Amino acid sequence: MAHRVTGVLIFFFLFVHVLDTALVRVSPEAYDDVVATYKTPLVALLEYGLVAAILFHALNGLRVIAVDFWSKGPRYQKQMLWTVMGVWIVLMVGALYPVLGHAVREVFGS
């Protein structure tokens, strides 16, 4: 279920990304305004959520591939899920500063 949800969220991000990039041809000023909103702390939180969705989707996708194509995959799918969750948490902790560092400095000062 989470794999499908993250896939849909990533799809919508890509759709919005294509639309806002196409905006540069229609109105460069409007594009600049949209890009300026991307530098806000709220959008930084959304970017962190995007990183979370992409990492989970990618790692869980590898688990799904292993379950489908490895003869012992179904037997070990629960252990692989916990491994995916552990690796995902470690990577998300590692992504905290690079993704949210600027937003934290903007909100609380440097």
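Please identify, among Ile65, Ile89, Ile54, the residue showing maximal mean-square fluctuation in a Gaussian network model of the chain using a 10 angstrom Cα cutoff.
Among Ile65, Ile89, Ile54, the largest mean-square fluctuation in the Gaussian network model of the chain belongs to Ile65.
Are there chymotrypsin sites (Phe, Trp or Tyr not before Pro) in the range 1-86 that DSSP puts in a loop and that have at most 13 other Cβ atoms within 10 Å, and which ones?
Qualifying residues, ordered by number: Tyr38, Trp70.
Take Val35, project a point 7 Å from its Cα along the Cβ direction, then tell me which residues of the range 4-24 have their backbone nitrogen under 17 Å from it.
Under cut-off, by backbone N: 17-24.
Which entry in (i) 58, 21, 7; (ii) 36, 22, 11; (iii) 34, 20, 8 is this structure's computed semi-axes √(5λ) of the Cα gyration tensor in Å?
Among (i) 58, 21, 7; (ii) 36, 22, 11; (iii) 34, 20, 8, the one calculated here is (iii).
Considering only C-alpha atoms, what is the centroid distance from the range 41-110 to the range 5-27, in Å?
What the calculation gives is 21 Å, centre to centre.
Values quoted throughout were computed directly from the atomic coordinates according to the rules given, and no laboratory measurement underlies them. It should be emphasised that the depicted structure is a prediction, and the values quoted were computed from it without experimental measurement. Because the Cβ atoms are built from the backbone with ideal geometry, glycine has one as well, and the counts that use them run over all protein chains shown.
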